[in-house]
1. Being in the same structural domain as residue 104 (by TED's automatic domain parsing), at pLDDT 85 or above, buried (at least 19 other Cβ atoms within 10 Å of the Cβ) and more than 22 Å from residue 111 (Cα to Cα) narrows it down to one of 183, 188, 153, 204, so name that one.
2. Answer yes or no: is there a residue in the range 60-72 that is among the small types (Gly, Ala, Ser), in contact with a Pro (Cβ under 7 Å, 6 or more places away or on another chain) and closer than 21 Å to residue 183 by Cβ.
3. Only residues that are in contact (Cβ under 8 Å) with a residue 12 or more places away in the chain and loosely packed, with under 13 Cβ neighbours inside 10 Å: list them for the range 114-130, please.
4. Taking the range 1-34 on its own, how many of its residues are polar (S, T, N, Q) and closer than 17 Å to residue 78 by Cα?
5. In contact with a strand residue (DSSP E or B) (Cβ under 6 Å, 6 or more places away or on another chain), surrounded by fewer than 18 Cβ atoms within 10 Å (Cβ to Cβ) and of a type in the set (Phe, Trp, Tyr), is that true of residue 38?
6. Select from the range 46-62 the residues that are out of contact with any helix residue (DSSP H, G or I) (no Cβ under 7 Å at 6 or more places or on another chain) and buried (at least 20 other Cβ atoms within 10 Å of the Cβ) and list them in ascending order.
Amino acid sequence: MSPQLPRITIITPSFNQGTLIEETIQSVVDQGYPNLEYIVIDGGSTDCTRNVLEQYDDQISYWVSEADRGQAHAVNKGISRATGDVIGYLNSDDLLTSNALSVIGNHVRGHTDRPAIWSFAGASFDPDGTERTFLPGTRPRLSEWIWGHSSLFQPSTFWTRQLHDEVGLFNEDFVFSFDKEFFVRSTFQFGRYQSGTDDIVSRFRVHDNSKTATILEHREQENDLIRRLVFENATLFKALLAECRHHRYQTLMTSHYECQHRFQSASLLVRAGLAEKSMLFSRQYLGAWRQLFFGRTSGTQGT
């Protein structure tokens, strides 16, 4: 007899997205998933959000509209009330795809009794209808994360409640990258990542008023803090060095952030070279230094 479908908690943090949140709510409550807990934490919106929440009061497990300390705090408030075996959060302008929770529940059933994190495929969409698909990485690279990329699509990423016993809650000092910092700790420091499937389970809305579009400078400042965390954390830095053994140094060092962070890149190269002395005079290692100071050369390829 196969295990029953796990209880899934979806948390929606919200603030002044009244024109979009109803579509988000509908995408969750219309799933028809038999073991759903849906929590909406609104930060005291002054638009029509409260009216929408009252309209769906009988379909939402718990909701509140009150001032909070930001998005990370709102998600943490939801986690503190969550009773699900599996947790994920969906922003008030994003959507679940049809049958998403069944895909997730069937994939993780029988594996929710221990700390774990899964990422499934997702898609972004613009107002003009342009869509882009994001597939989950079977083995995410820490190097890609610290230089601005991420192979985990946030609305399509879910984890067990037990993960918080190891990792803790979201870091409320972060405004933008609190999810990324949490995923870095979960995936690389504690090694809890398990690949999901290529099924698209969420759709990320790109629009002018989205958080992604409005605080790009703040995001990069927080990404810088994440890089510092990796460099200063022995476990995370060891994971980064492990990637150096398997991939060209150029892959680790060259990205659109390299010119802004040459000191950090140089520091990483020095420490990596000291840890892996056999590569000090390799073509890849010397090529990484050349690229760091003179830019990407033609014919250079990452692996």
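The values are calculated or read from the model by the stated rules, or taken from the named source; none is laboratory data. Bear in mind that the values here come from a model prediction, so they are computed numbers and not experimental data. Glycine also receives a Cβ, built like all others from the backbone with ideal geometry; neighbour counts cover every protein chain displayed.
1. Details: 183 fails: more than 22 Å from residue 111 (Cα to Cα); 188 fails: more than 22 Å from residue 111 (Cα to Cα); 153 fails: more than 22 Å from residue 111 (Cα to Cα).
Going through 183, 188, 153, 204 in turn, just one is in the same structural domain as residue 104 (by TED's automatic domain parsing), at pLDDT 85 or above, buried (at least 19 other Cβ atoms within 10 Å of the Cβ) and more than 22 Å from residue 111 (Cα to Cα): 204.
2. no
3. 114, 126, 127
4. Result for the range 1-34: 4.
5. Numbers: in contact with a strand residue (DSSP E or B) (Cβ under 6 Å, 6 or more places away or on another chain): yes; surrounded by fewer than 18 Cβ atoms within 10 Å (Cβ to Cβ): no; of a type in the set (Phe, Trp, Tyr): yes.
When the stated conditions are applied, residue 38 does not pass them.
6. Once the filter is applied, which keeps residues that are out of contact with any helix residue (DSSP H, G or I) (no Cβ under 7 Å at 6 or more places or on another chain) and buried (at least 20 other Cβ atoms within 10 Å of the Cβ), the range 46-62 yields only 53.
Yes/no per residue for (1) assigned to a helix (DSSP H, G or I); (2) in contact with a Leu (Cβ under 7 Å, 6 or more places away or on another chain); (3) among the acidic types (Asp, Glu):
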position	(1), (2), (3)
84	no, no, no
87	no, no, no
111	no, no, no
119	no, yes, no
172	no, no, yes
175	no, no, no
188	yes, yes, no
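Residue-by-condition table, conditions (1) in contact (Cβ under 8 Å) with a residue 40 or more places away in the chain; (2) not in a helix (DSSP H, G or I):
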residue	(1), (2)
17	yes, yes
37	yes, yes
41	no, yes
52	no, no
64	no, yes
102	yes, no
